[in-house]
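**Q** Take a look at the following structure, please.
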Amino acid sequence: MSRSTLTTRRMRPLTVAVAIHLAFAGGLLATSTWHAEAYAQTATRTYNIPAGALGTVLTRFSSESGILLAAPAELVAGKSSKGLQGNFNTDTALYALLSGTGLEAVQETNGQYRLQITDKTTTLPTVTVTALTETANGPVGGLVAKRSSTATKTDTPLSETPQSVSVISREQIEAQAADSLDQSLQYTAGVSMFEGGGTRSVGTRIVVRGFSTLGKTALLLNGSRMPTNSLTGSMEPYHFERIELLKGPASIMYGQAAPGGVMNLVSKRPTVEPVREIELQAGSWDRKQLAFDLGGPATEDGRIRYRLTALQRDSNTMIKEYANDKTSFSGALEWQLTDSTLLTLLGSYDKTRAAFDAGKPLDGTLLPHPAGKISRTLFIGEPGQDYYKGKGNTLGYQLEHRFNDAWQFRQNVLTYDRDIDWAYTAINERVNPLAPRLAGREIVERFDGDKGLSIDNQLHGKVKLGNVEHTLLFGLDYSKNDFTRSQRLGFLPPIDLFNPTYGTQAIYGRTYSGGDRGKQSGFYAQDQIKFDQWILLVGGRYDSTRNDAGLDTATEKASAFTPRLGLMYQFNNGITPYYSYSRSFQPTANMDFYGNRFKPSTGTQHEIGVKYVPHGIEASITMAIYEITQTNVQTSDPAHMGYMVQTGEVRSRGFEIEGRTQLNRQLGLIATLATTDATITKSNLGDVGTPPAAVPRNTASFWADYKFEAIPGMSAAFGARYVGRQEVMRMAVPSYTVYDASLRYQWDKWQFALNIKNLTDKNYVAACPSVCYYGEERNALLTARYRW
C-alpha cells in the first residue's frame with residue numbers, strides 16, 4: 001500500500017482536483033466502459049484529461065467531476081484510457097473514458113457509481129473510491145500545496161504552520177518552463193536574484209527577505225542538509241516534485257542556516273501507478289534537451305517501486321561563448337520491508353559544462369558612458385580560457401519504521417561528492433578614467449572539491465491528553481563536510497568594451513591551496529500542540545560545531561541554542577492569524593587582531609501573519625510582516641587596519657503577501673507582493689543606513705493560467721515580474737518589469753508548449769551586487785511531452 005493516508009470523502013464539484021487514487025488490497029482500481037444509455041445525468045463540464053493508465057485517468061476525473069466511484073481491483077489492472085477532452089456530462093464522460101475496457105458503470109440509489117464487467121453475470125466485490133491526501137513529499141496536484149514538512153520535519157498542513165513557506169509545484173515548474181532553481185522561485189514573494197539570475201547555470205544565489213543565501217547553509221535535499229556551495233550547486237528542477245522555501249531563521253530544524261531562510265528540494269519518488277514520460281525541448285541559443293521520467297511497481301505485489309529520471313541538454317546562453325550543457329540522472333527505490341518498515345534509496349549524478357558570468361562594469365550599464373551602452377551579449381573573457389566543468393553525485397536513504405499508530409522512527413542519510421574545475425574572467429567595477437573604453441580584468445583558475453555527509457535521526461509521536469493533542473519530535477543529527485580548493489590568479493590585458501579583440505593567453509602566478517573541514521552535531525525537540533482551535537508550536541535545539549581551516553589556523557569551535565515559538569488560532573471561516581519567533585546561527589571564519597576566533601553570527605525573527613484557506617475553493621493566501629536582526633556581523637576594525645571586528649548589524653523589516661488559487665477548472669492564479677526594508681544598522685565601513693547589495697525595495701509578480709472551453713486541450717498563460725529599485729554604493733539600480741507567456745495544447749497523449757520569457761525583449765540591468773548583470777534577452781522554448 002502507498003504510505004499516503006487515504007480518506008474517503010465526497011468531492012465538491014468546484015473544488016480544484018485533489019489527486020484521487022483507487023486502491024484495493026494493494027492494487028490500483030480502475031473502471032470500465034459502459035453503455036451510454038445507462039446514464040441520465042445532464043450537468044455539463046469541460047475536461048482536459050490526458051490519456052494514461054485507467055486508474056490515473058479516473059483519479060483525475062473523480063476529482064474534477066465530484067462523483068464517487070467504487071470498483072474491484074481485479075477489474076482495472078493493466079487497463080488504459082484515451083482520456084477526455086471537451087464538454088461532457090457525467091454519463092457521456094464516463095462512457096468515453098471507459099470505451100474499450102469491457103466495463104460499465106452503474107449508478108446506485110445514493111448517487112454513487114459502481115463499476116462492473118459489462119456481462120452482468122460476473123460479480124466481484126467492490127470498494128469505495130477514496131481521496132488521496134496530499135503528503136509533504138508527494139505531488140501537489142496543481143498550483144496550491146496544502147502540506148509541507150520543511151518547517152517542522154513533520155507532515156503538517158501549511159495552514160497549521162506558524163511561519164511562511166512557499167511551495168513551487170511540479171505543475172508550476174512545467175507551466176513556466178523553469179530550468180533552474182532561480183527561475184523556479186521568480187514568482188515567490190520576498191525573493192530576488194543576487195546577480196539577477198546571471199549565474200543560474202552554475203549555482204543558486206538568491207536573496208530572501210534581504211539576506212543572501214551565499215555559502216553552504218541554505219540548500220536541503222529531502223529535508224537533509226546538502227553541504228554544497230551556492231556556486232557549485234546548480235540543480236535541475238526536472239528531478240524534483242516540489243521546491244519549498246522556508247522564510248526566516250530555520251536553525252531549530254537544520255542547525256547552521258542563513259537568516260533569510262532555506263530551500264528544500266523534494267525528489268520525485270516511486271509511484272504506485274506507472275509513470276511514463278518523454279520530453280523533448282528546443283529553443284533559443286541553440287538549445288536542445290531530452291528528458292524522461294519512468295516509475296511504478298517493480299514487483300507484482302507492489303512492495304518494491306522505482307523512479308528513474310534523466311536529462312541531457314546541449315545549449316548556449318545569451319552570451320554565446322558561455323555554454324549551459326547538462327547531463328543528470330536521479331533514481332529512487334522504495335522497498336516495503338514489512339507492513340511497518342519502509343526503506344527508500346535515493347541517488348543522483350550530474351555533469352555540467354557551463355561558464356561563470358562575472359558581470360560587467362558599472363560604467364556603460366548602470367552609469368552613463370561616453371561611448372554608449374555596453375552590449376548585454378558582450379563576452380569579457382578569452383575564448384577557451386573561461387570554462388566551468390562540474391560533476392557530482394548524491395547517495396542516501398530514508399528509513400521509516402512505525403512502532404504503532406502513535407510512534408515511529410525515521411533515519412535520513414545523505415552523502416554528497418562534487419568536483420568543480422573552472423576558470424572565469426573578473427572585470428573591474430569601473431573603467432579606466434584615462435581610457436574609458438577600457439576595463440581592467442583578471443582571470444581566476446581554481447579547482448574545488450566538496451564532500452559531505454549528513455545523518456538525521458528522528459522520533460515522531462502523537463499523544464492525546466484529554467482534549468489536547470501533541471505531535472512530538474525528537475531529533476539527533478550529525479553532518480560533516482570537507483572542502484578543498486587550489487587556486488591561481490592570472491593576468492589579462494584590459495578589454496575594449498565596445499570593440500573587443502581576443503586571443504591573449506593568460507599569464508598565471510603561483511597556485512595557492514586551502515580548504516576547511518567542518519562538523520556539526522545537534523539535538524532538537526519540538527511539540528506541536530492543538531487544543532480546540534488553538535495551535536502552539538514550541539521547540540529548541542542545541543548545536544555544537546567544529547571547523548578546521550588548515551594547519552596555519554586554530555580550530556574554530558562554537559555552540560548555540562536556537563529556540564522557536566509559534567502560536568495560531570484557526571477561525572471556522574478558514575482564517576488563521578499567527579505569531580512566530582525563531583532564531584538562526586552561522587559560524588563565522590577569521591580572527592580578530594588579538595587572535596580570538598569570531599563568534600557565530602545570529603539572526604532573530606519576529607513574524608506576524610494571517611493564513612487564509614477559503615472553503616469551497618482551491619486557494620491559499622499568506623500575509624506576513626516580519627523583522628529580522630542579524631548580529632555579530634563582521635565590519636572593519638577602526639583601531640587595526642586590515643582586521644575585522646564583530647560589531648556590525650543588519651536589520652530587515654518587510655511585508656509579504658502570496659496567493660495561489662485554482663478558481664475553477666479553467667483559471668489558475670499566482671500573485672505576490674513584497675516590500676523589504678533591509679538596512680545596515682551598525683558598521684565601521686561608512687555604509688550605515690544603506691541596504692545590502694541586490695535587495696530591491698519592492699517586488700511583485702502575477703501569473704494567470706487559463707484553459708479554453710471553446711478549444712478543448714488549449715491553454716494559455718501570462719506572467720509579469722516587477723523588481724523595484726536597488727542600491728549599490730549609494731547608486732540606484734532602476735526598477736524593471738518583465739513579461740512571460742506560454743501557450744499549451746493537449747492532444748491525446750501529447751502535450752505541446754511554447755514558452756516565451758521577456759516577451760517584450762526588455763533590455764535592463766537586473767542587479768548590481770558590485771559589478772552589473774543584465775537580464776536575459778527574449779528567449780523562446782518549444783516543448784513536446786509524451787505520456788503514456
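**Q** Only one of Gly668, Gly654 is assigned to a strand (DSSP E or B), in contact with a helix residue (DSSP H, G or I) (Cβ under 9 Å, 6 or more places away or on another chain), surrounded by 17 or more Cβ atoms within 10 Å (Cβ to Cβ) and touching a residue at least 60 places away in the same chain (Cβ under 8 Å). Can you tell me which?
**A** Details: Gly654 fails: in contact with a helix residue (DSSP H, G or I) (Cβ under 9 Å, 6 or more places away or on another chain).
Testing whether each residue is assigned to a strand (DSSP E or B), in contact with a helix residue (DSSP H, G or I) (Cβ under 9 Å, 6 or more places away or on another chain), surrounded by 17 or more Cβ atoms within 10 Å (Cβ to Cβ) and touching a residue at least 60 places away in the same chain (Cβ under 8 Å) leaves just Gly668.
**Q** Take the residues of the stretch 452-487 that are surrounded by fewer than 19 Cβ atoms within 10 Å (Cβ to Cβ) and of a type in the set (D, E, K, R): which is farthest from Thr394 (Cα to Cα)? Give the steps one after another, and end with the answer.
**A** Quick first cut of the stretch 452-487, residues surrounded by fewer than 19 Cβ atoms within 10 Å (Cβ to Cβ) only: 455, 457, 459, 461-470, 472, 474, 476, 478, 480, 482, 484-487.
From what's left, of a type in the set (D, E, K, R): 462, 464, 469, 480, 482, 485.
On the way: Lys462: 32, Lys464: 39, Glu469: 38, Lys480: 14, Asp482: 15, Arg485: 20 Å.
Among those that are surrounded by fewer than 19 Cβ atoms within 10 Å (Cβ to Cβ) and of a type in the set (D, E, K, R), it is Lys464.
**Q** If you take the residues of the stretch 696-719 that are surrounded by fewer than 17 Cβ atoms within 10 Å (Cβ to Cβ) and of a type in the set (Gly, Ala, Ser), which of them is farthest from the chain's Cα centre (by Cα)?
**A** Ala710
**Q** Give the residue, chosen from Phe403, Phe356, that is under 30 Å from Arg225 (Cβ atoms), touching a residue at least 12 places away in the same chain (Cβ under 8 Å), of a type outside the set (A, V, I, L, M) and open to solvent by 60 Å² or more (accessible area, probe 1.4 Å).
**A** Numbers: Phe356 fails: open to solvent by 60 Å² or more (accessible area, probe 1.4 Å).
Every option except Phe403 fails the conditions.
**Q** Any residue in the stretch 332-341 that is open to solvent by less than 50 Å² (accessible area, probe 1.4 Å), modelled with pLDDT of 95 or more and of a type in the set (Gly, Ala, Ser)?
**A** Yes: one or more hits.
**Q** Turning to a different aspect of this structure: Do the conditions hold for Arg787, that is, is it charged (D, E, K, R), crowded, with 17+ Cβ neighbours inside 10 Å and more than 16 Å from Asp182 (Cβ to Cβ)?
**A** On the way: charged (D, E, K, R): yes; crowded, with 17+ Cβ neighbours inside 10 Å: yes; more than 16 Å from Asp182 (Cβ to Cβ): yes.
Here the answer is yes, as Arg787 does meet what is asked.
**Q** Quickly run through the stretch 314-335 and pick out the residues that are free of Cβ contacts under 8 Å to residues at least 40 places away in the same chain and of a type outside the set (Gly, Ala, Ser).
**A** Passing the criteria: Asp314, Asn316, Asp325, Thr327, Phe329, Trp335.
**Q** Being part of a strand (DSSP E or B) and without any contact (Cβ under 8 Å) to a residue 24 or more places away in the chain narrows it down to one residue among Leu265, Leu246, Leu294, Leu280; which is it? Before the answer, list the steps.
**A** Details: Leu265 fails: without any contact (Cβ under 8 Å) to a residue 24 or more places away in the chain; Leu246 fails: without any contact (Cβ under 8 Å) to a residue 24 or more places away in the chain; Leu280 fails: without any contact (Cβ under 8 Å) to a residue 24 or more places away in the chain.
It is Leu294.
**Q** Then there is this: Listed residues Thr415, Thr394; which is open to solvent by 30 Å² or more (accessible area, probe 1.4 Å) and closer than 26 Å to Ser348 by Cβ? Reasoning before the result, please.
**A** Values: Thr394 fails: open to solvent by 30 Å² or more (accessible area, probe 1.4 Å).
One residue alone meets the criteria, Thr415.
**Q** Shifting gears a bit: May I ask you to verify whether Gly515 is closer than 21 Å to Tyr387 by Cβ, small (Gly, Ala, Ser) and out of contact with any Pro (no Cβ under 8 Å at 6 or more places or on another chain)? Before you say what the answer is, go through the steps one by one.
**A** Values: closer than 21 Å to Tyr387 by Cβ: no; small (Gly, Ala, Ser): yes; out of contact with any Pro (no Cβ under 8 Å at 6 or more places or on another chain): yes.
Here the answer is no, as Gly515 does not meet what is asked.
**Q** Further question: Do we have Arg744 as part of a strand (DSSP E or B), farther than 30 Å from Ser80 by Cα, touching a strand residue (DSSP E or B) at 6+ places or on another chain (Cβ under 7 Å) and among the charged types (D, E, K, R) here? Walk me through how you get there before you give the answer.
**A** Details: part of a strand (DSSP E or B): yes; farther than 30 Å from Ser80 by Cα: no; touching a strand residue (DSSP E or B) at 6+ places or on another chain (Cβ under 7 Å): yes; among the charged types (D, E, K, R): yes.
Considered against the rule, which asks whether it is part of a strand (DSSP E or B), farther than 30 Å from Ser80 by Cα, touching a strand residue (DSSP E or B) at 6+ places or on another chain (Cβ under 7 Å) and among the charged types (D, E, K, R), Arg744 comes out as no.
**Q** Moving on to the next point. For the list (1) β-branched (Val, Ile, Thr); (2) farther than 30 Å from Val633 by Cβ; (3) part of a loop (DSSP other than H, G, I, E, B), I need the number of the one condition that Thr737 fails.
**A** So Thr737 meets the others, but not (3).
**Q** Another question, if that's okay. Just to be sure I understand, how many residues within the stretch 499-518 are assigned to a loop (DSSP other than H, G, I, E, B) and either without any contact (Cβ under 8 Å) to a residue 12 or more places away in the chain or open to solvent by 100 Å² or more (accessible area, probe 1.4 Å) (or both)? Break it down stepwise before answering.
**A** Keep residues of the stretch 499-518 that are assigned to a loop (DSSP other than H, G, I, E, B), which gives 499-506.
In the following step, the residues that additionally are either without any contact (Cβ under 8 Å) to a residue 12 or more places away in the chain or open to solvent by 100 Å² or more (accessible area, probe 1.4 Å) (or both) were identified as 501, 505.
The total comes to 2.
**Q** Looking only at the stretch 576-595, decide whether some residue is polar (S, T, N, Q), surrounded by fewer than 14 Cβ atoms within 10 Å (Cβ to Cβ), out of contact with any strand residue (DSSP E or B) (no Cβ under 8 Å at 6 or more places or on another chain) and farther than 16 Å from Ser164 by Cα.
**A** Let us first name the residues in the stretch 576-595 that are polar (S, T, N, Q), namely 576, 580, 582, 584, 586, 588, 590.
Imposing the further condition that a residue be surrounded by fewer than 14 Cβ atoms within 10 Å (Cβ to Cβ) reduces the set to 590.
Right, trim to out of contact with any strand residue (DSSP E or B) (no Cβ under 8 Å at 6 or more places or on another chain) and you get none.
The answer is no; no qualifying residue exists.
**Q** Looking at Pro638, Pro696, can you tell me which residue is at pLDDT 90 or above and not in a strand (DSSP E or B)?
**A** Numbers: Pro638 fails: at pLDDT 90 or above.
It is Pro696.
**Q** Any idea how many residues of the stretch 427-450 are free of Cβ contacts under 8 Å to residues at least 60 places away in the same chain, open to solvent by 40 Å² or more (accessible area, probe 1.4 Å) and in contact with a Ser or Thr (Cβ under 9 Å, 6 or more places away or on another chain)?
**A** Summing the residues that are free of Cβ contacts under 8 Å to residues at least 60 places away in the same chain, open to solvent by 40 Å² or more (accessible area, probe 1.4 Å) and in contact with a Ser or Thr (Cβ under 9 Å, 6 or more places away or on another chain) in the stretch 427-450 gives 2.
The values are calculated or read from the model by the stated rules, or taken from the named source; none is laboratory data. Small disclaimer: the values here were computed from a predicted structure and weren't measured. No Cβ is skipped: glycine too gets one built from the backbone with ideal geometry, and neighbour counts run over all protein chains shown. Remember, those area values only see protein heavy atoms, side chains included, never the ligands or the DNA or RNA. Shrake-Rupley method; radii C 1.70, N 1.55, O 1.52, S 1.80 Å.
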